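S.K.: Handing you this structure, nothing more for now.
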Amino acid sequence: MTGNGSNGKQHVTETPDVSHIKNVHVTYEHSDVSVGGILKFIIGLLVMGVAVYLLMWGMFRALDTQENPNPGPMALTEKERLPPEPRLQSAPGYSVEGQNLELKAPEAELKVVQEKWKDVLEKGPIDEKGQRYGMPIEEAKKKIVEQGLPVRK
């Protein structure tokens, strides 16, 4: 129900028309927002932000010139900083069979290992002293065939 009701009264939720009321003494309220104050605050904040930025830049430059490029006597060498063996692929110092594979593709490790296996199968295994022992697989197969394979009955 809007507007005037059947009895001529306004609905209670509507704002009454007050355009006919004029008061010349109430044109400006001191509690209104001061635009000048807001602008002064923004300009001050900007100036302080630039000042803090310049001070921090100067401090970092001063600290950077004081940095000591020489490592201390307790600093680890490049080799001492490497993780213990076995290292992950593409880790600093990663090597297989003495070949540094640090900057090579991951397939490079497979090639090195396959070459080692091929050498062991063709010429026999190698012990810790570097001496070959046993016999190559093909020679072992021939020897078993010559001796005769044991068969169960």
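S.K.: Suppose R0 equals 25 Å; then what is the FRET efficiency for V113 and E139 from their Cβ-Cβ distance, rounded to the nearest 0.05?
M.R.: My answer for the efficiency is 0.65.
S.K.: When the chain is fully extended, how far beyond the present Cα-Cα distance does M74 get from V33, taking 0.36 nm per residue of separation?
M.R.: The M74-V33 span can extend by a further 8.4 nm.
S.K.: Stretch Q66-N100 to full length: gain in nm at 0.36 nm per residue minus the Cα-Cα span?
M.R.: 8.5 nm
S.K.: Taking the Cα centre of segment 13-78 as origin, work out the dipole magnitude from +1 charges on Lys and Arg Cβ and -1 charges on Asp and Glu Cβ, in debye rounded to 20.
M.R.: Rounded to the nearest 20 debye, it is 280 debye.
S.K.: Taking a probe of 1.4 angstrom, what is the accessible area of D17 in Å², to the nearest 10?
M.R.: Surface open to solvent at D17 totals about 110 Å².
The values are calculated or read from the model by the stated rules, or taken from the named source; none is laboratory data. From a predicted model like this one, the values you see are computed outputs, not experimental measurements. All Cβ positions, glycine included, derive from the backbone under ideal geometry; neighbour counts span all protein chains shown. These area figures cover heavy atoms from the full protein model, side chains too; ligands, DNA and RNA do not enter into them. Shrake-Rupley method; radii C 1.70, N 1.55, O 1.52, S 1.80 Å.
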